[in-house]
Every structure is written in structure tokens, then in C-alpha cells.
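The values are calculated or read from the model by the stated rules, or taken from the named source; none is laboratory data. Since the structure is predicted, the reported quantities are computational estimates derived from the model, not experimental observations. All Cβ positions, even for glycine, are placed from backbone atoms using ideal geometry, and neighbour counts span all protein chains on display.
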Amino acid sequence: MHQPLPSAVRPGPALRRLVWLVRLLALLGAAVLLTVPLIFWLQPDWVRNAAPAMVGLGGHPTVVDDRARLLGGLASLPGVLLGLAALWQLWRLFGEYGAGRVFGAAAQRHLRGFAAALLASALVTPFMRAAVGVALTLGNPPGQKVLSFMLSWHDYLSILCGAVLLAVALVMADAVRLAEDNEGFV
């Protein structure tokens, strides 16, 4: 006979510490996402030195003018927004865990939301890099504009991790629903 999953459990000290750590890291991540990209795109020298390698342009000529920095910043905005969405879901998920509601509907929803944001971010990242590459070469003379699409091993692993985490979230939600259905039969 199966025991139903408890709707709430008392979190132990290890889980409470982990909740505190993950929430602290989520706050730090949000602060970084809200400041570093803005500072990056406002600094022409930083963009000139770092951006071409980040987007796969290597030694290809780039023009880092105001238009390129504005378009590059706009192209990177979906990654920032998806990152903030993922961190918000993580914050809420660990709030549920901290309250002991590890199998609750809200925890399942936030786990699924985090996984979906992580997967979306992994899928969008190569396209964002390509758009930044176009922004950086848009000011080049004809024949020197570049559309560089790069899918790295890191991108591939991120896509797989997001997909696996989304599958785990969906399976956990099904398990909770099944346990609740079985509770009515016992």
C-alpha cells in the first residue's frame, strides 16, 4: 500500500541552509543581470575587446559605435529577461521548500517554470549571439558584414539540462497528482 505524499514537511537544517544559499545566489544573480550587461554595453572599449570573441567573430573587423552598442544591448535583452525569470522561479521554488511544501502545487509550478526558463534561455542564446554579431558588423563596408551562428557544446549541454529538468518537473507533478488520486481510494 502506498503512502500519500505529505503536503508539507518540516525542513531540516541542511535544507534550510540550502534554501538560504540558493535564495542568496538568486539575489546576487539578479543584481548581476541587472547591472553587468548595462555597464558592458555602455563601455565601448569593453565591447570592442570582449564581444567579438563572445559571439564567434574572432578577428573579423567590427564597428563598435553607438548603434552597434544599442543593437547589441537590445539583442542581449531576451537573455537577461529569461535569466531574471528563471531566478524568480528559483526564488519562489526555494521559498516553497523553506516552508516545507516540497510536493505542493506551487513548488511543482515553480520548478516547471524554472526549467522552462532555463530551456528557453539555452535555446535563445545562439540566436542572441548571432544578432550581436550582426550588430557589431553592421557598420562594416559591404562584403564585411557577418552573420555568425555558433552552437557550442555548452549550449548543447544547457539545452539537455533544461529539457531533463523540465521532464523531472513534469514527472514530479504527475507523481503528486497520482498520489493525491490514490489517497482518495484508500
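Before moving on, here are some points about what is shown:
- Qualifying residue in region 55-67 (condition: within 15 Å of MET128 (Cα to Cα) and in a helix (DSSP H, G or I)): no
- Test: VAL63 is surrounded by fewer than 18 Cβ atoms within 10 Å (Cβ to Cβ), in contact (Cβ under 8 Å) with a residue 40 or more places away in the chain, closer than 30 Å to ASN140 by Cα and aliphatic (A, V, I, L, M): yes
- Restricting the first member to region 91-107 and to residues that are in contact (Cβ under 8 Å) with a residue 60 or more places away in the chain and closer than 20 Å to ALA117 by Cβ, and the second to residues that are part of a helix (DSSP H, G or I) and small (Gly, Ala, Ser), the beta-carbon pairs closer than 6 Å and six or more apart or on different chains are TRP91/ALA26.
- Only a single criterion out of (1) touching a Pro at 6+ places or on another chain (Cβ under 7 Å); (2) of a type outside the set (A, V, I, L, M); (3) modelled with pLDDT of 95 or more is not satisfied by SER121, namely (1).
- Scanning region 121-147 for residues being small (Gly, Ala, Ser) and more than 19 Å from PRO37 (Cα to Cα) gives a total of 2.
- Within region 89-122, the residues that satisfy the criterion of being surrounded by 20 or more Cβ atoms within 10 Å (Cβ to Cβ) and among the aliphatic types (A, V, I, L, M) are LEU90, LEU93, VAL102, ALA107, LEU111, ALA115, ALA117, LEU118, LEU119, ALA122.
- Residue in region 133-153 that is outside any helix (DSSP H, G or I) and at pLDDT 95 or above present: no
- Residue, farthest from ARG109 (Cα to Cα), within region 132-147, restricted to residues that are surrounded by fewer than 18 Cβ atoms within 10 Å (Cβ to Cβ) and among the small types (Gly, Ala, Ser): GLY143
- Any chance ARG69 is among the basic types (Lys, Arg) and surrounded by fewer than 16 Cβ atoms within 10 Å (Cβ to Cβ): no
- Residue within region 9-24 that is basic (Lys, Arg), in contact (Cβ under 8 Å) with a residue 24 or more places away in the chain, part of a helix (DSSP H, G or I) and under 27 Å from CYS161 (Cα atoms) present: yes
- Residues of region 154-186 classified as aromatic (Phe, Trp, Tyr) and surrounded by 14 or more Cβ atoms within 10 Å (Cβ to Cβ), total: 0
Here's the yes/no breakdown for (1) over 21 Å from VAL168 (Cβ atoms); (2) among the acidic types (Asp, Glu); (3) part of a helix (DSSP H, G or I); (4) in contact with a His (Cβ under 8 Å, 6 or more places away or on another chain):
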site	(1), (2), (3), (4)
ALA30	yes, no, yes, no
PRO37	yes, no, yes, no
TRP41	yes, no, yes, no
ALA85	no, no, yes, no
GLY100	no, no, no, no
GLY113	no, no, yes, no
ALA120	no, no, yes, no
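- The test for being of a type outside the set (Ser, Thr, Tyr) and not in a helix (DSSP H, G or I) does not hold for PRO52.
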